[in-house]
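Undergrad: The structure that follows is given in the form of structure tokens.
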Amino acid sequence: QSGYITIDPGYKNTGATQSAITFLDGELGILNYRGYPIDQLAEKSNFIEVAYLLIYGSLPTATELEEFSTKIKMHTLVHEDIRKILDGFPSTAHPMGILSSLAGSLTAFYPESLNPNQTEEEMNLSIIRLIAKLSTIAAWSYKNSIGHPVIYPKNNLDYCSNFLHMMFAYPTEEYKVNPVVVDALNKLLILHADHEQNCSTSTVRLVGSANGSLYSSVSAGICALWGPLHGGANQEVIEMLEAIKADGGDSKKWIEKAKDKNDPFRLMGFGHRVYKNFDPRAKIIKAACDTILADLGVVDPVLNIAKELEEAALTDPYFIDRKLYPNVDFYSGIIYRAMGIPTEMFTVMFALGRLPGWIAQWKEMRTNKEPIGRPRQIYTGETVRDYIPMAERK
Ligand code: SDX
């Protein structure tokens, strides 16, 4: 503490804003979007309806939802020049790198999005464009990674069916979307849609606070989400479970490894800055795992390893003392994999889910005319000193 400045690494005890969008209670494991409990929305709603709820603050009427969904369908097509940029990426390019680059490129293609005094109508068009086009860019980034031709969106499909069609259809083959997979995708995207002031959302707000366009702000948010401690954890969880399986499936050995302070290994998918109880999303995803894998007739050996790991951790004093529970990333990868989505696309799926939350938080920050974000510091460097000519340097 120095004078009036308090240093709070990681902002563990610092509130950045007041928000009416999402309510979290970390002790009780509660998560509500605009007052609606997450389990009810996951059970009864669909992703586009939840996106509308988060962004505009209330559940849409049938007409409002129809209009919102139709506008999104009409804007899923991506400018041919953006597809040409995509063609320039090697197949080794990580889909999250493509997503953040092309999301940011939307600012170049739609420079009016930079206008800080956009009308309500202009902001809504920016919002529709981003939701629609990011799903196409995400699917195309996958096609790029497997060297397949991109599949153009179909305007007669709902958001999730259209995304799956663009992901898995092939020009010379008939592709039928599986309703079980569509339902699972809706549920997963709903569960990821917002989470108050997490790392990537705070990044979106910070870029937006400088009057950065919605597209540039979301591009920055994608980069923050990519971090393995944040949204990148879902990919790390599967890689960890696979490593445990390859190592003979000895969960206890890996629990000890996660506890060893001399070992940088952490139990990926465990722990949370806010939840010091079960992450309510993890509970819903874990339950959905059994149903969806059974409906799809998929048996995934890592699911049992995940359950054993959870059991072992929840009875181990190290995890109990630190209140470390499974978080949203612990089981989500198992469902994505059962749906045929490859590991390197898991964080892209997180980004698609989180997009309405980023948009809602950016819009709230701009509507509330919040000041540019500029934290202070306590200086600990050299005291003042004179320049040393090159000849006198040692
Ligand atoms: C997401 O903020 C959000 O809301 C994020 C998110 C969202 O929806 O936006 O919920 C999404 O990012 C979920 C988290 C995904 N990340 C992981 O699963 C990575 C593994 N988990 C951690 O690295 C960690 O738990 C964090 C990053 C999630 C939280 O870190 P904190 O709050 O900064 O806690 P910390 O690192 O200070 O850990 C406290 C103690 C430490 O031990 P001690 O120094 O007290 O002895 O707990 C230990 C840590 O070593 N610890 C772990 C651990 N997580 C914390 N030990 C082993 N395995 C772990 N996973």
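Undergrad: Do you know which residues across segment 260-289 are outside any loop (DSSP other than H, G, I, E, B), without any contact (Cβ under 8 Å) to a residue 60 or more places away in the chain and within 12 Å of the ligand (Cβ to nearest atom)?
TA: Residue satisfying the conditions is A282 alone.
Undergrad: Do we have D25 as at pLDDT 95 or above and surrounded by 11 or more Cβ atoms within 10 Å (Cβ to Cβ) here?
TA: yes
Undergrad: A further question follows. Among the listed residues A51, A16, A20, which satisfies the condition of being at pLDDT 95 or above and either exposed (fewer than 11 other Cβ atoms within 10 Å of the Cβ) or within 15 Å of the ligand (Cβ to nearest atom) (or both)?
TA: A16
Undergrad: Select from segment 203-225 the residues that are within 13 Å of the chain's Cα centre (by Cα) and polar (S, T, N, Q) and write down the one among them that is nearest to T14 (Cα to Cα).
TA: The residue in question is T203.
The values are calculated or read from the model by the stated rules, or taken from the named source; none is laboratory data. Quantities reported herein were computed from a predicted structural model and do not represent experimental measurements. No Cβ is skipped: glycine too gets one built from the backbone with ideal geometry, and neighbour counts run over all protein chains shown.
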